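For reference, the structure is listed below as structure tokens.
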Amino acid sequence: MQKVTRDILVNKAKELLANGTVDRVYGWKKGEFAYDVTPALFKSEKELDEFVFGDFCGANVSKYLVAESKKAGGKILVFLKPCDTYSLNQLTTEHRVDREKIYAVGIPCEGMLTGSALKDKVDSVLSVETEGDTVKVETLYDGVKTFPASDLLPDRCRNCKSKKHVTYDELIGEDGEVLDSGRFDEVEKLEKMTPDERFAFWQGELSRCIRCNACRDVCPACTCEKCVFDNPKSGLENKAAADSFEEKMFHIIRAFHVAGRCTDCGECSRVCPQHIPLHLLNRKFIKDMNTFYGEYQAGEVVGNRPPVVNYTKEDIEPSEAVKRGE
Amino acid sequence: MSVTNEEYRPLIVAFCCNWCSYAGADLAGNNRLAYPADVKIIRVPCSCRVNPAFILRAFQRGADGVIICGCHPGDCHYTSGNYYTRRRMALLFSMLDYLGIEKERTRVEWVSAAEGAKFAATMNDFCKTVAALGENKRLEDLRCKK
């Protein structure tokens with residue numbers, strides 16, 4: 001499925017390590033299972049033997065650069081898919097990463113499959129291979145099974161917002177275009193429901209939350225060193241035994257804290273072990289900001305000012321804002 | 001649980017900006033304008049001091065409605081605070097509506113220090129709206145229930 005192969009990336013990494021442009025590489029290595037690939041740092045040519053690249057490398061490594069770019073040493077080589085470049089730009093805007101210390105190589109992306117979608121379909125996966133648009137899965141008990149790749153694509157890839165790299169030092173392959181995707185379709189569908197239906201929908205989704213905080217930990221916009229959710233006095237730091245309120249408060253606050261800075265990379269939904277469509281909360285904020293305050297894409301340009309830290313004298317009144325969609 | 005014949009009274013939390021709305025509430029008092037005692041006023045230095053978490057926390061602790069009162073746009077004591085409030089609350093209220101929470105439970109009103117009558121009228125109206133909705137069931141926290 002992916003147009004670039006592991007070898008192209010490893011050769012590029014070796015070349016840049018050898019000529020001294022960079023002294024470490026952020027990429028992916030094999031995880032516990034065939035479908036779970038984890039971000040990893042490689043410090044030498046030898047370590048690059050463990051470098052992997054494939055259709056499950058969906059992890060956005062730009063957040064790892066926040067900590068890594070603060071460390072001493074030379075530049076860091078990082079391979080970024082188009083949607084990851086938005087996150088890097090946003091982090092540069094917020095002065096969370098030192099862009100000077102990063103050597104970003106843009107790589108094309110054909111959509112990244114998710115392990116969670118695969119696990120929903122089959123058990124005991126031994127190995128996964130993609131040939132063209134077919135995914136071949138070898139399982140322990142059911143033999144070999146095949147699926148169309150589109151079945152394993154997450155919402156963020158089915159409704160990809162952009163194939164264009166907004167920041168890079170070097171590009172492998174050709175740059176794409178910003179796409180006109182249907183990424184707000186699901187949000188619109190929810191908006192058309194009655195409040196009772198919406199409440200039932202979100203109650204069903206959010207009550208599955210186990211408060212593992214994975215959505216916060218993975219989010220490239222969540223880079224506060226002290227997080228409100230870690231405060232033991234907040235009443236929010238862990239899962240409440242009683243249902244209803246606590247998870248709603250957590251998810252509203254989480255989405256609100258990244259409103260205007262969320263680039264819609266969809267990592268929150270990818271890592272959610274309970275398959276909660278968390279990106280629908282973020283997209284609601286993005287959609288609202290687009291309708292109320294004009295089109296805005298976080299991370300598109302370094303230095304852009306998000307709508308929530310800006311204002312005009314003619315802004316919409318809150319009472320008018322909730323009337324929309326009626 | 002005991003059964004009582006008491007009339008249901010909503011609990012309203014009003015965040016009032018120190019410079020306009022809080023003085024507006026004072027004026028309402030001085031002018032002997034009545035508004036329900038169900039309104040609990042919390043004074044804040046500026047309406048933009050109100051963190052969205054405050055509103056959610058008020059609901060968690062049993063509020064049935066939350067109203068934020070600030071200076072009229074353009075009149076902020078700190079020049080631009082209420083413009084930020086306006087954006088934040090527009091987004092927050094829209095999100096609460098998206099989650100299926102009754103949108104009548106939240107409101108933003110601009111009340112100046114000279115508008116005692118408007119303050120009383122706003123609170124009367126808001127109390128009536130929230131009382132008609134009844135108890136806040138959708139954002140309640142069972143741990144905080146008495």
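Each label was represented as a point 7 Å from its Cα along the Cα-to-Cβ direction; for B:ARG143 and A:CYS227 these points are 1.7 nm apart.
In plain terms, the residue of A:LEU281, A:LEU17 with the fewest other Cβ atoms within 10 Å comes first and the most crowded comes last, giving A:LEU17, A:LEU281. A viscosity of 0.890 mPa s and a temperature of 25 °C, combined with the Kirkwood radius over Cα pairs in Stokes-Einstein, give a translational diffusion coefficient for the range A:185-325 of 150 µm²/s.
Extents of the range A:92-182, taken as max minus min of Cα coordinates on every principal axis and listed largest first, are 50, 29, 24 Å. Multiplying the residue separation of A:TYR141 and A:LEU179 by 0.36 nm and removing their Cα-Cα distance gives an extension gain of 9.6 nm.
Converting the Cα gyration tensor eigenvalues of the range B:12-138 into ellipsoid dimensions via √(5λ) gives semi-axes, longest first, of 22, 19, 11 Å.
Under the convention that each Lys and Arg Cβ holds +1 and each Asp and Glu Cβ holds -1, the size of the dipole of the range A:185-325 around its Cα centre is about 240 debye. Straight-line reach from B:LYS118: which lysines fall under 27 Å, measuring Cα to Cα and dropping same-chain residues less than 8 apart? In chain and number order, the partners are A:LYS313, A:LYS323, B:LYS40, B:LYS103, B:LYS128. Normalised by 2.2 N^0.38 Å, where N is the number of residues, the alpha-carbon radius of gyration of chain A equals 1.03. Helical content of the protein assembly as shown, expressed as a calculated mean residue ellipticity at 222 nm, amounts to -10000 deg cm²/dmol (DSSP H runs of 4 or more residues, -39,500 (n - 2.57) each, divided by residue number, nearest 500). Taking the Cα centre of chain B as reference, the dipole from Cβ charges on Lys and Arg (+1) and Asp and Glu (-1) amounts to some 420 debye.
Full extension of the chain segment joining A:ASP196 with A:VAL122 gains 23.2 nm, where the gain is 0.36 nm per residue of separation less the Cα-Cα distance. The charge dipole of the protein assembly as shown, taken about its Cα centre with unit charges on the Cβ atoms of Lys, Arg (+1), Asp and Glu (-1) only, comes to about 1360 debye. Calculated FRET efficiency, A:ASP98 and A:LYS46, Cβ-Cβ r, R0 41 Å, to nearest 0.05? It comes to 0.90. Taking other Cβ atoms within 10 Å as a rough exposure proxy, B:LEU96, A:LEU153 sort from fewest to most as A:LEU153, B:LEU96. Within the protein assembly as shown, antiparallel bridges make up roughly 45 percent of the DSSP beta bridges whose residues both belong there. In the Gaussian network model of chain A, springs joining C-alpha atoms below 10 Å, which of A:ARG254, A:ARG270, A:ARG198 carries the largest mean-square fluctuation? Of the options given, A:ARG198 has the highest mean-square fluctuation.
Laboratory data are not the source of any read-out in this text; all were calculated from the coordinates shown. Fair warning: this is a prediction, and the values are worked out from it, not measured in the lab. Every residue, glycine among them, receives a Cβ derived from its backbone with ideal geometry; neighbour counts consider all protein chains shown.
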